[in-house]
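A short write-up of the structure that comes next.
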Amino acid sequence: MNTKKRADIDFLKTIAIIAVILYHFFDIQKASSKNFNFSLFDGGFLGVDIFLVVSGFLITGSIVSKLYSSEFSILEFYKRRLSRIYPPLITLCLFVAFFGYFLLLPDLYKEAVVETVNALIGIANFRFANSGGYFSLATVDKALLHTWYIALTIQFYILIPIILVTFKTLFKNKFRYAVLILTISLICIAPKFCVEGKGYLLTQCRIWEMFVGASLFLFKDDLNSFLVRENRKISAFYFYAGIIATIVSILTVRLNYGEYYVHTSAFTVVATCIVLFSNYQNSFILNSYTTLLGKTSYSLYLWHWPVFVFAFQCNTGLSVMSVGVIALILIATTFCSYKTLETKKVSAIFSLLCVLLIAACYVYVKKVDGTNYLQNYMIETQKSSFTEKHKNTDSIYFSKNNFSIDKIVASNEEEPKRFIIGDSHTGQYKSFYLNDYNNSIYFSSIAATMAFGEISANYKTVLPPPLNIYPVNRVTFFEFYKKMLDTLIPGSKVILACNWHVHYEIFIRENNLKKDTENYKKYIEAVVADLDSQIKKHNDLKFYIIGQGAYISRKDLQCTKLDLKDSFLRHVISQGNCKTFTDDIEDKTLMMNSALKKYADIHSNVTFIDRNIPLRQENNQILGYDDNHYPIYNDDHHYTFVGSKIVAKYIMNIVDEE
């Protein structure tokens, strides 16, 4: 059987590429607008599972036919695979490096050029697995995110000929049973790697699907004899059943709270296998029109995501004209890639030149730390820092493990009667206390750390860089907190300011729970229990709990930091109305603040302060920049110097009035 000419396989690939494109298109719209909730194609990511099984099936077929005739050459196999995969991929990477120079923020451009290198050496899936995963909306500006699948394919292409040749040598004609045992083993161990949101991208969690395709090819004749028995009607039944099941899986399967597991793909993989072994070629739905996208699926897959990302950067929206323009660009890039790069032999000199240009881009970007065209049109933001020049006296009250409680003394008051403690969401206010606040205060901030009670203080979970959350920091935090509560004179005011949301990850890992609404409520209960454990011991102190702040999406953040009125890109990148935005974690913010306020309302010595109030505009929108067009946010949840001053002033006005 010549698997290369099977129309049913091209039709399967058509279904797969349509599913992936629609999934990505609507997913990127969700990132653009929080109010966009279209979910019909939320299972479109399963299109990749179809590709994985089909790839394993086809590649094994191309190898085995030559293995039996002793004509197979591993080096020749690598040469053929590389000549098909790399010319379009290299050209795409060069495209991203060039257009990213003009359309991506400097930090994103630096990331994109690093992504090109990882894509070309076939390890992109590992990088992306350790930088946000696949299903986070924060990944929508990663122009080469989709190359994780190409990397996995390259890795499989490297392994499969070696494995087949080795097994054929060791086990002779029984080698296919060894492949089957290997496949079953990979399926069994894969669930162990589907943890922490990384499973969807990791080789060890996904390569089993390609080996399922490989095993299916090796046993297709046995399955056909047992299940189909050369009966065209039975073959047709399996074909249509498999196609329907494949489509149904795409339209119905959903992720469990953003987490991918092996069983997520099981239904789609089985349905794909049914179509493959049925080998039915006489269906009315198999024609040149329905299989066209399948034939061009590699080029279409390569180009669709970067086109969407750059269109997203340009704020194209969902108008008929915008969608039409995006479709035309995608058709043009796919056609050129397929006709000139994928199906024709590309000069080695051309490929080498492109690689050298990408290498030059990489060296340049590393040297200038991502500086690109948009750098000249960004508003420089200043995050509230610990070392700014100030008028007050800043002395260390006591310290431990490189952390301290500072005593900031104002000229009109010697002994502080206010103590503020928290993570970086306390730290961002320090410049206000040093430069603009007229009262003395005790101040302590340990970044990414919160421990107001025994529950959080005893967590053993570690979150490595960039968060750097360690148990020893939590212990120090709790010690500082308790010591100051015991030290403060009666009537003193204690201000607790944290990014309450970020510690949810610690809670989930510590208790081995899934991320869902019910467990978020349990997390909130733990936070309140911790707060209460110390507050109830100090009725002589007045506590102020500063609520959860809004998160700004990366796209909105970019919009607030760009001023393109003097750039030609003002005609390309529509900044629109960036002055306000919707809280990116609005549901969780409301849940957390509601619980904290409810706790405060039933305790006479506790006051809840909603820090979003001075930034809240009409329709519950959050202010993105001030009247001078200076951004309020420095990153997705920290304020700039200006933003921190606005919020800190509001907080302390309430504290000082009581």
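The values are calculated or read from the model by the stated rules, or taken from the named source; none is laboratory data. Model, not experiment: these values are computed from the prediction. We place every Cβ from the backbone using ideal geometry, glycine too, and count neighbours over all the protein chains shown.
In segment 132-146, is there at least one residue being closer than 21 Å to PHE57 by Cβ and either at pLDDT 90 or above or out of contact with any Leu (no Cβ under 6 Å at 6 or more places or on another chain) (or both)? There is no residue in segment 132-146 that is closer than 21 Å to PHE57 by Cβ and either at pLDDT 90 or above or out of contact with any Leu (no Cβ under 6 Å at 6 or more places or on another chain) (or both). When each of SER65, SER70 is tested for being free of Cβ contacts under 8 Å to residues at least 24 places away in the same chain, out of contact with any His (no Cβ under 7 Å at 6 or more places or on another chain) and not in a helix (DSSP H, G or I), the lone residue that passes is SER70.
Annotation: of all residues in segment 516-533 being hydrophobic (A, V, I, L, M, F, W, C) and closer than 10 Å to ALA595 by Cα, the one that is surrounded by the fewest Cβ atoms within 10 Å (Cβ to Cβ) is VAL528.
For SER604, the criteria (1) in contact with a helix residue (DSSP H, G or I) (Cβ under 9 Å, 6 or more places away or on another chain); (2) more than 23 Å from LYS649 (Cα to Cα) hold in every case but one, which is (1). A count restricted to segment 209-252 and to residues that are surrounded by fewer than 24 Cβ atoms within 10 Å (Cβ to Cβ) and either β-branched (Val, Ile, Thr) or within 28 Å of the chain's Cα centre (by Cα) (or both) stands at 9. Within segment 439-464, residues that are in the same structural domain as ASP423 (by TED's automatic domain parsing) and assigned to a helix (DSSP H, G or I) have Cβ atoms under 9 Å from residues that are surrounded by fewer than 23 Cβ atoms within 10 Å (Cβ to Cβ) and polar (S, T, N, Q) in these pairs: GLU454/SER533; ILE455/SER533, counting only partners at least 6 apart in sequence or on another chain. Among the residues making up segment 534-549, those that are touching a Ser or Thr at 6+ places or on another chain (Cβ under 6 Å) and assigned to a loop (DSSP other than H, G, I, E, B) are LEU541, GLN548. Of LEU557, LEU564, all but one fail to be in a loop (DSSP other than H, G, I, E, B) and more than 23 Å from ILE506 (Cβ to Cβ); the exception is LEU564.
Quick check, is THR589 out of contact with any strand residue (DSSP E or B) (no Cβ under 8 Å at 6 or more places or on another chain) and either modelled with pLDDT of 90 or more or not in a helix (DSSP H, G or I) (or both)? It is true that THR589 is out of contact with any strand residue (DSSP E or B) (no Cβ under 8 Å at 6 or more places or on another chain) and either modelled with pLDDT of 90 or more or not in a helix (DSSP H, G or I) (or both).
Across segment 604-648, the qualifying residues are those that are in a helix (DSSP H, G or I) and farther than 21 Å from TYR437 by Cβ, and the one among them that is nearest to the chain's Cα centre (by Cα) is ASN620.
Annotation note: of TYR633, TYR639, TYR650, the sole residue that is modelled with pLDDT of 90 or more, aromatic (Phe, Trp, Tyr) and farther than 23 Å from GLU380 by Cα is TYR650. Those helices (runs of 4 or more DSSP H) of segment 265-356 in which 3 or more residues are buried (at least 19 other Cβ atoms within 10 Å of the Cβ), out of contact with any strand residue (DSSP E or B) (no Cβ under 7 Å at 6 or more places or on another chain) and assigned by TED's automatic domain parsing to the domain that holds GLU230 occupy 297-313, 320-337. Note on segment 160-177: residues that are crowded, with 20+ Cβ neighbours inside 10 Å and among the aromatic types (Phe, Trp, Tyr) amount to 1. Checking each residue in segment 490-514 for being in contact with a helix residue (DSSP H, G or I) (Cβ under 6 Å, 6 or more places away or on another chain) and outside any helix (DSSP H, G or I) picks out LYS493, ALA497, CYS498, ASN499, LEU513.
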